[in-house]
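> Here it is: the structure, laid out below.
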Amino acid sequence: MGIQITPSMLSADFANLEAEAARISGADWLHMDVMDNHFVPNLTLGAPVIEALAKVAAQPIDAHLMIADPDRWAPAYVEAGAGSITFHVEAAAAPVRLAREIRAKGARASMALKPATPIEPYEDMLPELDMVLIMTVEPGFGGQKFLDLCLPKIRRARQMIDKHGGDIWLQVDGGVSLETIERCAEAGADVFVAGSAVFGADDPEDMVRQLRDVGGR
Ligand code: DX5
Ligand code: ZN
């Protein structure tokens, strides 16, 4: 499979999510950033909003849970209709059990790492996952500057995934734009979240195309 572009709806117009999703028909997934004011210092949306958008959007939902206690709350996001659930390993009490529960409920299980969280301790649990998300900013806000210091970790994650041989996607999130996507792709990422770059563009649909073009080179 080629690369995938997953625009972050955090930078879309929250009063018109259905129309905003339709403006990016070429996107592979809709990335929904769930923040709880505990795990990150910002508050966005929860399962009811995801459920409403999942019913009307053509694209599947990629839910990024920046919340405390994902062990308790993540299953509700599968029930709300998200096709992929990303929890933060820093917040999960039992990441293996949680990944298995997400899969058993029928969604893709994904684990996120903040910029200072190493990937090495989690190598043995890769077979439990469908995707790994390497954050390239500190989670909490859109529009932040891409952290180049995360590139070596993307490279190491790619090597680990290739070694295990499974079909695990490698996602990057934070500061991804036409300027930075090439570096991420070169390091081995294949799923790209972009919020401000897509919805800050005059033509979001065209930006999705351009990102796919540059990221897929
Ligand atoms: C940040 C979120 C991101 C954010 C990305 O905590 O997880 O998904 O919306 O926004 P940009 O692409 O503007 O950095
Ligand atoms: Zn995100």
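Just so you know, all these numbers are worked out from the coordinates, no wet-lab data involved. In this text, all values refer to a predicted model and were calculated from it rather than measured experimentally. Don't worry about glycine lacking a Cβ; one is built from the backbone with ideal geometry, like all the others, and counts go over all protein chains shown.
> Which order, highest average first, do 112-120, 176-184, 58-66 follow once you tally other Cβ atoms within 10 Å for each residue and take the mean per peptide?
Packing proxy ranking, top to bottom: 58-66, 176-184, 112-120.
> Return the distance in nm (one decimal) between the two label points of a simple spin-label model at E186 and K105, each offset 7 Å from Cα along Cα→Cβ.
4.0 nm
> Using r as the Cβ-Cβ distance of D71 and E179, and R0 as 45 Å, what FRET efficiency do you calculate, to the nearest 0.05?
Rounded to the nearest 0.05, the efficiency is 0.75.
> What is segment 4-215's relative contact order, in percent, from Cα pairs under 8 angstrom and six or more apart in sequence?
So the answer I get is 20 percent.
> Note the full-extension length gain between A19 and V49 as 0.36 nm times their separation in residues minus their Cα-Cα distance, in nm to one decimal.
Working: separation 30, 0.36 × 30 = 10.80 nm, distance 1.43 nm.
Once the chain is fully extended between A19 and V49, it gains 9.4 nm.
> Let me ask something else about it. Which ordering of E186, E101 is given by a fewest-first count of other beta-carbon atoms within 10 Å?
E186, E101
> According to the Cα gyration tensor, what semi-axes, each the square root of 5 times an eigenvalue, does the equivalent ellipsoid of segment 64-217 have, listed from largest to smallest in whole Å?
Values for segment 64-217, descending: 25, 18, 14 Å.
> What distance in nm separates the simple spin-label points at T117 and L149, each placed 7 Å from Cα in the Cβ direction?
1.7 nm
> Given R₀ = 41 Å, FRET efficiency for H164-F141 by Cβ-Cβ distance, to 0.05?
Once the sixth-power term is evaluated, E becomes 0.80.
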